[in-house]
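Coordinate-derived values only; no laboratory data. All figures in this text were calculated on a predicted structure; none of them were measured in a lab. Quick reminder, even Gly has a Cβ in these numbers, built from the backbone with ideal geometry, and neighbours come from all protein chains shown.
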Amino acid sequence: MNNIITSQPTLLEDKLVNVDKLYYFLKRSVDLLLVIPSIILLGPMFLILWLWIRLDSEGPVIFVQERVGAKRVFVNGRWIWQAVTFPMFKFRTMKIDSTSKLHQEYIAAYIAGDEARMAEISGKKDDSYKLTNDPRVTSVGRILRKLSLDELPQLWNVIRGEMSLVGPRPPIPYEVELYKPHHMARLAAMPGITGWWQVSGRAATKFEDMVELDVEYIQKQSIWLDLKIMFLTIPAAIAQKGAG
């Protein structure tokens, strides 16, 4: 992990979090207890998806993208959340010659709340975090995204300790460059594969609402809330709303 280089502060007070220190130990324990057997059980599915992606389009099966997360560090007698970057793994859903220019423009409009510009880029009225009608996405990629199967390799990020099963979704660095100071509060937690805003509205959520839900989760987080979010993720995934 490397420190993210942005114009925003990279150190966040742990004062948002009013949880027992035991919570962090339990959260990590639950992550490992669920993820390790899941990787073993899902082995055949990983193989099938690997072959499907390889047959559909050229390029690597696994897409590695730099994302912004956070880790707790003890500095001057207090716990601080430090923003860091890490490589996040996904099944590749885009063509190998794709650029991020279109997505950067869309995200800038999304964070600014410019729905007219978002509609112009996506081709329809949308307040979704995800760019719909994305020309970069392959035919198989559309199915994987629709079922959120492209997120499965992030189980390895959980094993590596870079992500948790539950937490705010890790943004791309160029997203964080556009954050206002109050947006940084959503980084004061371990990033997750699923989270409170995903099961509350998933991709169809305005940016300010997403930040509000993420901060609400951070303030209220507990092992029971994490388990509730995991349970709610199943019907949310069936409803075909991607994580991002």
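Here are some notes:
- Put simply, the amide H of Glu66, placed in the peptide plane, has neighbours under 5 Å in Met88, leaving out anything fewer than 5 places away on its chain.
- Relative packing of 231-237, 145-151, which averages over residues the other C-beta atoms within 10 Å, highest first: 145-151, 231-237
- Electrostatic tally near Met88: other residues with Cβ closer than 14 Å to its Cβ, Lys and Arg +1, Asp and Glu -1, net 0.
- Cα gyration tensor category, rounded, prolate or oblate, for the range 130-215 with a/c compared to 1.5: oblate
- Nitroxide proxy distance, nm - points 7 Å out along Cα→Cβ at Ile62 and Glu216: 3.6 nm
- Inter-probe distance in nm under a simple model that places probes 7 Å from Cα toward Cβ, at Thr99 and Trp156: 2.9 nm
- Label-to-label distance, nm, for residues given as Leu51 and Leu26 (7 Å Cα→Cβ offset): 4.3 nm
- The range 66-214: relative contact order in percent, alpha carbon pairs under 8 Å with at least 6 residues between: 30 percent
- For the range 159-189 versus the range 32-73, the spacing of their alpha-carbon centroids is 20 Å.
- At an R0 of 45 angstrom, the distance between the Cβ atoms of Val73 and Glu208 translates into a FRET efficiency of 0.95.
- Built amide H within the under 5 Å cut-off of Leu152, gap 5+: Phe91
- Protection proxy ranking, highest mean first, for peptides 170-177, 53-60: 170-177, 53-60, where packing is the per-residue count of other beta-carbon atoms within 10 Å, averaged.
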